[in-house]
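Some notes on the structure that comes next.
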Amino acid sequence: MPIFSYLVITLNPDDILKALAHPVRRELLQWLKEPEKHFAGQEHPLSLGVCAGQFERCGLSQPAVSAHLACLRRAGLLSAQRVGQWMFYKRNEETIAAFLAYLGREL
């Protein structure tokens, strides 16, 4: 008998809209959409995600970048994975797709 698992996405549109309201957070998501293009110099494999230190290019302090990444993560738009002392971030494409579908239905 097959066992099925279902991906359950908890979507809070208000949290996502608040996260997307800041231009820096939208820019971070855009960069993460094509990590090979924007973070080619990263010494760790991009399959892990993008190391938090790579976001320094946005011209913000490390605490400001961390706050923006945390906001995107709380909204479900990013996933994070710790490897040793480094934290790697990826876009959460499932949540992004669910949010876009929600907008299509609601607006």
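The values are calculated or read from the model by the stated rules, or taken from the named source; none is laboratory data. Computed from a prediction, not measured in an experiment: that's the story for all the values here. Heads up, the Cβs are rebuilt from the backbone with ideal geometry, glycines too, and the neighbour counts pull from every protein chain shown. These area figures cover heavy atoms from the full protein model, side chains too; ligands, DNA and RNA do not enter into them. Shrake-Rupley method; radii C 1.70, N 1.55, O 1.52, S 1.80 Å.
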Inset, instruction - For region 74-107, name all the residues that are under 17 Å from Pro35 (Cα atoms) and out of contact with any strand residue (DSSP E or B) (no Cβ under 6 Å at 6 or more places or on another chain). - result: Leu77, Arg91, Glu93, Ile96
Inset, instruction - Return the pairs, sorted by first residue and then second, in which the second residue is part of a helix (DSSP H, G or I) and open to solvent by 50 Å² or more (accessible area, probe 1.4 Å), the first residue lies in region 55-79 and is touching a residue at least 40 places away in the same chain (Cβ under 8 Å), the beta carbons are less than 6 Å apart, and the residues are 6+ apart or on different chains. - result: Ala75/Asp15
Inset, instruction - Could you tell me whether Pro23 is of a type outside the set (A, V, I, L, M, F, W, C) and more than 27 Å from Leu100 (Cβ to Cβ)? - result: no
Legend entry - Flag for Gln42 being surrounded by 14 or more Cβ atoms within 10 Å (Cβ to Cβ) and either farther than 26 Å from Asn12 by Cα or not charged (D, E, K, R) (or both): yes
